[in-house]
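Worksheet for the structure shown next.
Bear in mind that the values in this text are calculations on the coordinates, not laboratory data. Because the structure is predicted, anything quoted here is derived from the model rather than measured. Here the Cβ positions follow ideal geometry from the backbone for every residue, glycine too, while neighbour counts run over all protein chains shown.
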Amino acid sequence: MAKPRIRRLPAVVLAIAGLLAAGHIGATLAFTGPETPLKQSMQPALNRYFLGPLDQGWNLFAPGPYSQDEYMMVRACTSDFETCAGGADAGAEFTPWREVTAEEVAAVEYNIFANRESRQSKVVHGRFWPAASKLSDEQREIAAGNHIDGEPIFGVDLYSPEAEEAFSPNELNNLRSYQRLEDVAVGLGSLYMYQDYGEAATLVEVRMLRKAVPSFSQRHDPPEERTQHWTNIGWRPVTTFDEEVYAAWS
């Protein structure tokens, strides 16, 4: 009885598969590697690739594994826009801080089947914090301020020719990355406030917290107060979404 003929993949298919694998490995090494001028020039493309369909917490791996507990908190102003703009002195009403990460962690604990909806604020925090850390002290202070008039936070549209003249390529890339991730954080905070207060929410404020994890040597006698670091996003107008997004979130 004749043996069935074994079909071999064409060499061109193997070559394409090898190039794709090599490209992915090279991109991974570049994305997780140290900061270099070459990496900075490639960063926008790397961000689109790895922070999209391949999104994951790369800090899980050496040389920078997580050593901090991360929390995201959000609150809203529920007065009309003009009153909110005037602050407490104008009679603006503010909601309590909602500790969204603590809520997510409680939903995940002892639940190995928890989906990614239970980790959204952790993912946002993990992306936002490094982007904010790359800003200058002056830029972080500007971002922590209130920007409710719709004007660009850093004084210029970051994708305009004026921005390319005002900032160096590396600084502009950092500002764009920060702005993109701030928009995500404010958007997520807006959805949480919409969930609680509906259309009454006018402005949102977001705070990011990192608490140091006790070292292994302190595991039996952890410090009463852990070191804390904060990064703040000042008051911003709530992000508006279409009805399909609101329905899915609800």
With labels modelled as points extended 7 Å from the Cα through the Cβ direction, what inter-label distance (nm, one decimal) is found for GLU224 paired with LEU19?
6.5
In debye, nearest 20, what is the charge dipole magnitude of the stretch 64-217 about its Cα centre with +1 on Lys and Arg Cβ and -1 on Asp and Glu Cβ, if you could check?
880
